[in-house]
1. Looking only at region 72-92, count every residue that is of a type in the set (Asp, Glu), surrounded by 16 or more Cβ atoms within 10 Å (Cβ to Cβ) and in a strand (DSSP E or B) and tell me the total.
2. Looking only at region 20-56, count how many residues are touching a residue at least 12 places away in the same chain (Cβ under 8 Å) and either of a type outside the set (Val, Ile, Thr) or assigned to a helix (DSSP H, G or I) (or both).
3. What's the number of the only condition in (1) charged (D, E, K, R); (2) part of a loop (DSSP other than H, G, I, E, B); (3) in contact with a Leu (Cβ under 9 Å, 6 or more places away or on another chain) that Lys17 fails to meet?
4. So, of the residues in region 1-15 that are surrounded by 12 or more Cβ atoms within 10 Å (Cβ to Cβ) and free of Cβ contacts under 8 Å to residues at least 60 places away in the same chain, which turns out to be farthest from the chain's Cα centre (by Cα)?
5. For the subset of region 101-125 comprising residues that are assigned to a strand (DSSP E or B) and charged (D, E, K, R), which member is surrounded by the fewest Cβ atoms within 10 Å (Cβ to Cβ)?
6. Only one of Asp128, Asp59, Asp98 is in a loop (DSSP other than H, G, I, E, B) and out of contact with any Phe, Trp or Tyr (no Cβ under 8 Å at 6 or more places or on another chain); which?
7. Of the conditions (1) farther than 20 Å from Arg3 by Cβ; (2) over 15 Å from the mean Cα position of the chain (by Cα); (3) buried (at least 18 other Cβ atoms within 10 Å of the Cβ), Glu49 satisfies every one except a single condition; which number is it?
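Since every read-out is calculated from the coordinates, none of them should be taken as a lab result. These figures come from a predicted structure and were not determined experimentally. Because the Cβ atoms are built from the backbone with ideal geometry, glycine has one as well, and the counts that use them run over all protein chains shown.
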Amino acid sequence: MIRDEIKIRVRYSETDKMGYVYYGNYAAYFEVARVEMLRELGFTYKKMEDDGIFLPVADFHIKYLKPAYYDDELTIVIKITDMPSSKIRFEYETFNQDGVLLNTAETVLVFFDGNTKRPCRAPQSIQDRARPYFS
């Protein structure tokens, strides 16, 4: 399993009239977590896209437990629990600064060849870097 965590401070513009983080913003928070996790592993979306490999989201599920508010410091714990193949699954847990679990979520992204416009296997370099975490 690969695990990482990032911190995000809730900005005023991300809240609704009730003062809660607007539900759609969590998808953006999770994207930040994914991008940073891949960067920690030595990959960037830009480099993959320059190489013709894209990662569209195929599935997204979230379970909301408690709201987050303006100026909360959120910790997003992100995990990859399965070896990447033609898809990569990320699991998320979002906590506030008091350690309260706010939501759990999952996204599945598909490796996509920009030339053939078809799904493809994860690049060998990603498989090689991920393998030690799943041995």
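1. 1
2. Of the residues in that region, 22 qualify.
3. Failing condition for Lys17: (3).
4. Thr15
5. Ranking the qualifying residues of region 101-125, first place goes to Arg118.
6. Asp98
7. (3)
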